[in-house]
Amino acid sequence: MPVRVYELAKQLNMSSKELIAKLKELKVEVKGHMSSIDDETAGIVKEELKPKPKEKIELKTLPPQEVVVKANELRLKLPISVKDLSNKLSLKPNDIIKTLIKHNIFATINQMLPEEAAGLIGKDFGFDIKPLPTEEEEIIEIHKREDDPSKLVHRAPIVTFMGHVDHGKTSLLDVVRKTNVTERESGGITQHIGAYEVALGKGHITFLDTPGHEAFTAMRARGANITDIVVLVVAADDGIMPQTIEAIDHAREANVPIVVAINKIDKPGADISKVKKQLAELNLASEDWGGKTITVGVSAKTKEGVDHLLEMLLLEAEMLELKANPSRLATGVVVEAKLSKGGGPIATAIVTNGTLKVGDIIICGSHWGKVRAMIDDKGHRVKEAPPSKPVEILGLSGVVSAGEVVYCVEDEKKARDIALTKQEKNKEKIAVSAKRITLEELYRQIKEGSIKELKIIVKADVQGSVGALKDSLLKIPSKDVQLKIIHSGVGDINESDIMLAAASNAVVIGFHIQISQEAEAQAKEGEVDVRLYRVIYEAISDVRAAMEGLLEPHIKESLLGRAEVRQIFKISNLGQIAGCSVTKGTITRNVPLKVLRGDDIVFQGKMSSLKHLKDDVREVKEGFECGIGIPEFKDIKVGDIIEVYKIEKIAKKLE
Ligand code: GDP
């Protein structure tokens, strides 16, 4: 007996519309819900659409737990018994048991439901059931709670010096320290503890001792952005240089305000107005140039202007209204950590909120401790460290990492438990890195709504290409995701680029350049997506395809060797041979090759023969000559570049 679509839909417990869609997938043509389907087809369809038995979820009997409720989010200590869950949801235990059966889970009233099963029930009854936070999450939550505004007081700004190499960052930091720490205070010695505090008439300033944007962004990549103000150091005789621009991009990406110090004004070649003009072109116009950026002329050599710079930093800090609550449990960030001469772990931390006291219990990364002693940057033992104060902490159970957060806890046992749990976890997986964006992942994240902005770092061999690539990328139309170029520059991809990408969740695109070995290792470890291109069009088309969810499996090419064609020979039984000189790496047989002429790829394929002198060889190393036969490419010319690659296919991930 033929059956109508709507009847079959009823039998399968679905709507006619759903069934018609499924039939279409099964290539069964129907006109509408009144169409007939013959017996045999109906049988096949039924078999195909029969609900598949779900994997049985294992149930264990565990002790009952408590509940915390937030809007429709239900935070439960899981697993939870059927009975307890029914109470929490104001349902009868039977309702839960019946619903569980629907999901192929068979449970008794006292049985414990794990997170997955409780989650299914929650979904069916309109709740989002989540496990209670771990002890560590609870502590972080407490530390993140907003302060009562009446308890807030001003705190000192935390300042980092950045700028091009040799423009005088270290010299300025030294001058600031030496002129403001009196001999009596320091006992003639200044301790280098990773950060130091300067007391001025109108307030304090804390300086991070490691200048440069690499350290700044490395801290950010670990989630610790403690810098309140960046001092951009520009040498008056040199002006804006590539690393100055890098520093500006790093600071802007972190949303940290910039104060400019034009240094070396004592030098005969100093040209302050030229620097100010360059700054204005970078949207950092000083006040006398009609802008808003505080700009101070200084000299680390003569100390001219340094006091004024400090005053201006206090002024900027005042505008930022930096506040903290000294009367709460302390939170801090580690800026440096090491083993002391005596072998005990020491960490320099800057307190970001609250007051850290000797005797406090702290956790930091996978270590814990009772603060045994604290030493400030002048070498004095201190009993308390208020917000923004840098101190060396003694008493931690091990050496922690820079960028790690210190949390003060009330309960010693809790601190120890948390540290031990983390150590266990670390053993399982060292360095749990955050999931970074890749072009392959982009579309899924756009659809999920978890990404609204695709951040890109563009590096190329020449300024013209940087500009062309940036322009073309920014022209890609998209309504779902906005493309933002957070940094661009000329030169190979370096560690600072990778760090910025990791801190900002950006993709790095390189054109006609390489990636340094250290940067490549870092990118691998931090799961940063780095793509190198030789043709601008390919870069644009990959980004566009990624935005549309059409990106083909990513082919990762690693260059094995490069050779330049110096001469063309014709050999009777072999045909045409390109006499080459290997200029980089190793030329290897049986791997894909490209022939480049200028910026164009003129051939892609394989070689048929590789010779060194008269011998057939498998590889020829840099500095040697070789003969390459590519019978499929007749047009090879002197001056062409032959590159050989190792190809790795990274498949597009399926949902
Ligand atoms: P950094 O790489 O930015 O940390 O730069 P340094 O602080 O190491 O300074 C680089 C060089 O510039 C050193 O030789 C300093 O002595 C010199 N220098 C720094 N500041 C000044 C300055 O204000 N005037 C002059 N004449 N030289 C300076």
Looking at region 209-222, which of its residues are open to solvent by less than 20 Å² (accessible area, probe 1.4 Å) and outside any helix (DSSP H, G or I)? G212
What is the one condition in (1) at negative phi; (2) outside the structural domain of L172 (by TED's automatic domain parsing) that G126 does not satisfy? (1)
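Report yes if some residue within region 223-234 is free of Cβ contacts under 8 Å to residues at least 60 places away in the same chain, under 30 Å from V334 (Cβ atoms) and either open to solvent by less than 20 Å² (accessible area, probe 1.4 Å) or out of contact with any Phe, Trp or Tyr (no Cβ under 6 Å at 6 or more places or on another chain) (or both); otherwise report no.
Just the residues of region 223-234 that are free of Cβ contacts under 8 Å to residues at least 60 places away in the same chain, to begin with: 225.
If we keep only those that are under 30 Å from V334 (Cβ atoms) too, we end up with 225.
Filter once more, so that each one left must be either open to solvent by less than 20 Å² (accessible area, probe 1.4 Å) or out of contact with any Phe, Trp or Tyr (no Cβ under 6 Å at 6 or more places or on another chain) (or both): 225.
Yes, the conditions are met somewhere in region 223-234.
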If D166 passes every condition in (1) within 16 Å of the ligand (Cβ to nearest atom); (2) open to solvent by less than 80 Å² (accessible area, probe 1.4 Å); (3) more than 17 Å from P387 (Cβ to Cβ) but one, which one does it miss? (2)
Boolean, L78 is in a loop (DSSP other than H, G, I, E, B), at pLDDT below 85, crowded, with 19+ Cβ neighbours inside 10 Å and under 35 Å from the mean Cα position of the chain (by Cα): yes
For the structure I just gave you, tell me whether V153 is in contact with a helix residue (DSSP H, G or I) (Cβ under 9 Å, 6 or more places away or on another chain) and touching a residue at least 12 places away in the same chain (Cβ under 8 Å). no
From I193, I129, I189, I142, grab the single residue that is in a helix (DSSP H, G or I) and either more than 26 Å from A330 (Cα to Cα) or at pLDDT 80 or above (or both). I142
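Does at least one position in region 316-328 carry a residue that is more than 24 Å from N225 (Cα to Cα) and open to solvent by 30 Å² or more (accessible area, probe 1.4 Å)? Spell out the reasoning first.
Restricting attention to region 316-328, the residues satisfying the condition of being more than 24 Å from N225 (Cα to Cα) are none.
The answer is no; no qualifying residue exists.
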For region 567-582, which residues satisfy the criterion of being exposed (fewer than 15 other Cβ atoms within 10 Å of the Cβ) and among the polar types (S, T, N, Q)? Q567, S572, N573
Conditions (1) of a type in the set (A, V, I, L, M, F, W, C); (2) outside the structural domain of I451 (by TED's automatic domain parsing); (3) touching a residue at least 40 places away in the same chain (Cβ under 8 Å); (4) open to solvent by 60 Å² or more (accessible area, probe 1.4 Å) -> V490 fails only (2)
Taking region 422-466 and keeping only residues that are modelled with pLDDT under 80, part of a helix (DSSP H, G or I) and open to solvent by 30 Å² or more (accessible area, probe 1.4 Å), one is left with K422, Q423, E424, K425, N426, K427, E428, E440, Y443, R444, K447, E448
On the basis of being of a type in the set (S, T, Y), assigned to a strand (DSSP E or B) and open to solvent by 20 Å² or more (accessible area, probe 1.4 Å), does T348 make the cut? no
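The values are calculated or read from the model by the stated rules, or taken from the named source; none is laboratory data. As the structure is a prediction and not an experimental result, all values here were calculated from the model. Neighbour counts are summed over all protein chains in view; Cβ atoms, including those assigned to glycine, are modelled from backbone coordinates with ideal geometry. Surface areas here come from the heavy atoms of the whole protein model, side chains and all, with no ligands, DNA or RNA. Shrake-Rupley method; radii C 1.70, N 1.55, O 1.52, S 1.80 Å.
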